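Undergrad: Can you keep this structure in mind? I'll have questions shortly.
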Amino acid sequence: MTAPRTPLPGTKLPAVGTTIFTVMSALAAEKNAVNLGQGFPDFGCDPKLLGDVTAAMAAGHNQYPPMPGIAPLRDAIAGKLASMYGRRYDPAAEITVTAGATQAIITAILAIVRPGDEVIVLEPCYDSYVPNIDLAGGTVVRVPLVPGTFRPDFDRIAAAITPKTRAIIVNTPHNPSATVWTAAEMRQLEALLAPTDVFVIADEVYEHMVYDGAQHESVARFPGLAARSFIVSSFGKTYHVTGWKVGYVAAPAALMAEFRKVHQFNVFTVNTPMQHALAAYMADPAPYLQLPAFYQRKRDLFAAGLAKTRFKLLRSEGSYFQCVDISAVSDLGEADFCQWLTTEIGVAAIPLSAFYGDGFDQRVVRFCFAKKDETLQTALERLARL
């Protein structure tokens, strides 16, 4: 008897395969390497936050919450945005709780991008942006950040804007380069977009990881940007609970109305007890206000160790990443070097070429320092061989 035939589905994402993060994490596990590749902490969150989850479950908060998120959490988010960035968002109409930042980004894209619309991405960029645009039927327009410094090139951004441009995705603090946009750069973007109807999707998931006394320049601080922007952030990044997959979006009411139309049909709503726990936990701003000092100490610890190697350190202004130039260490390209480093030295990193559509190789790799001190010390002991 002939076996039934499974129809071939074709693919909406022909260029997508297994991500570099999956590949490197699997190799790190196989070689028992210290995994400084994928960006997540290897330490726990505040026990109080876990207690708040338990209390929420015990109190019976285990059924569907409202589609945009529970009111106390949206109120807390609005309060934080107002206190930190000076813009008051209406919790009822302008804030939605999401199943992490990645879901927030694709929902924003699906809400506004139509087939044929162009969306500008600034490379190197987080790996979900381009597939999200493809799924919406949009056209990706890649504009490189300045190689070496990873600053925005406004002449190239301006040249990329056409009558078909629907949106631009801006990420600060930046993954993977760890650069942070300045107020002057944000004002330059504000002025550039002022005569257009281009939307901004602002990926601000590392908002509380900015170092050396600098401040995060949220688009919420700039009226001309805030009026056209979806702001995306992540509780997972801020509170060391990436596996919870809870984030939020803030946007003007007209934008949020379209966002919620998509949100209600791709996830509908988000884990109820986690929302109640986060609302209770946000009553104390200290955990996120202290986060810059917490991660700056780890950055400095890791950088001091790397300074004893032949790596050339690029400045880590924000996020929990440290990029290094490998030119003095190896003649290999970035991807091959990361394979070699994981296999032979026992430390996993990520090639920056993985964040470019054309695989642009500038001999730079990315480490994640959101790890226990002992994890970082073990990695540095191994890297000392370089």
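The values are calculated or read from the model by the stated rules, or taken from the named source; none is laboratory data. Please read these numbers as outputs of a predicted model, since none were measured by experiment. Note that each Cβ is placed from the backbone with ideal geometry, even for glycine, and that neighbours are counted across all protein chains shown.
Undergrad: What tally of residues in segment 127-141 results from selecting those that are under 19 Å from Ala178 (Cα atoms) and surrounded by fewer than 20 Cβ atoms within 10 Å (Cβ to Cβ)?
TA: 2
Undergrad: OK, next. When segment 82-105 is examined, which residues are found to be under 20 Å from the mean Cα position of the chain (by Cα), surrounded by 22 or more Cβ atoms within 10 Å (Cβ to Cβ) and either not assigned by TED's automatic domain parsing to the domain that holds Asp197 or not polar (S, T, N, Q) (or both)?
TA: Within segment 82-105, Tyr85, Ile95, Val97, Gly100, Ala101, Ala104, Ile105 qualify.
Undergrad: List pairs: first residue in segment 186-206 and farther than 18 Å from Glu118 by Cβ and touching a residue at least 60 places away in the same chain (Cβ under 8 Å), second residue charged (D, E, K, R) and surrounded by 18 or more Cβ atoms within 10 Å (Cβ to Cβ) anywhere in the structure, Cβ distance under 9 angstrom, at least six positions apart or on different chains.
TA: Val205/Lys237; Tyr206/Lys237
Undergrad: Residue by residue through segment 218-252, note down the ones that are in a loop (DSSP other than H, G, I, E, B) and over 16 Å from Gly69 (Cβ atoms).
TA: Result: Ser218, Phe222, Ala227, Arg228, His240, Val241, Pro252.
Undergrad: Can you tell me which residue in segment 164-183 is surrounded by the fewest Cβ atoms within 10 Å (Cβ to Cβ), limited to those that are hydrophobic (A, V, I, L, M, F, W, C) and either part of a loop (DSSP other than H, G, I, E, B) or touching an Asp or Glu at 6+ places or on another chain (Cβ under 9 Å) (or both)?
TA: Ala183
Undergrad: Scan segment 115-133 residue by residue and report those that are among the polar types (S, T, N, Q) and either assigned by TED's automatic domain parsing to the domain that holds Cys323 or on the phi > 0 side of the Ramachandran plot (or both).
TA: Once the filter is applied, which keeps residues that are among the polar types (S, T, N, Q) and either assigned by TED's automatic domain parsing to the domain that holds Cys323 or on the phi > 0 side of the Ramachandran plot (or both), segment 115-133 yields nothing.
Undergrad: Shifting gears a bit: Here is a check on your reading of the model: is Ser233 crowded, with 20+ Cβ neighbours inside 10 Å, closer than 16 Å to Ile106 by Cβ and either of a type in the set (Gly, Ala, Ser) or at pLDDT below 95 (or both)?
TA: For Ser233, the condition - crowded, with 20+ Cβ neighbours inside 10 Å, closer than 16 Å to Ile106 by Cβ and either of a type in the set (Gly, Ala, Ser) or at pLDDT below 95 (or both) - is met.
Undergrad: From Asp212, Asp197, grab the single residue that is in a loop (DSSP other than H, G, I, E, B) and closer than 25 Å to Lys371 by Cβ.
TA: From the options Asp212, Asp197, the qualifying one is Asp212.
Undergrad: Need pairs with beta-carbon distance below 8 Å; first residue under 12 Å from Ser177 (Cα atoms) and within segment 114-126, second of a type in the set (Val, Ile, Thr) and modelled with pLDDT of 95 or more; sequence gap 6+ or separate chains.
TA: Leu122/Val143; Leu122/Ile157; Leu122/Ile168; Leu122/Ile169; Leu122/Val170; Glu123/Val143; Cys125/Ile169
Undergrad: Among the residues of segment 96-108, is there at least one that is under 15 Å from Glu258 (Cβ atoms) and in contact with an Asp or Glu (Cβ under 8 Å, 6 or more places away or on another chain)?
TA: yes
Undergrad: If the requirement is being under 30 Å from Gly236 (Cα atoms), modelled with pLDDT under 90 and assigned to a helix (DSSP H, G or I), which of these qualifies: Val16, Val23?
TA: It is Val23.
Undergrad: In segment 253-268, is there at least one residue being assigned to a loop (DSSP other than H, G, I, E, B), assigned by TED's automatic domain parsing to the domain that holds Arg87 and either touching a strand residue (DSSP E or B) at 6+ places or on another chain (Cβ under 7 Å) or buried (at least 19 other Cβ atoms within 10 Å of the Cβ) (or both)?
TA: No, the conditions are met nowhere in segment 253-268.
Undergrad: Here are Ala92, Ala159, Ala111: which of them is without any contact (Cβ under 8 Å) to a residue 40 or more places away in the chain, part of a helix (DSSP H, G or I) and over 18 Å from Val219 (Cα atoms)?
TA: After ruling out the rest, the residue left standing is Ala159.
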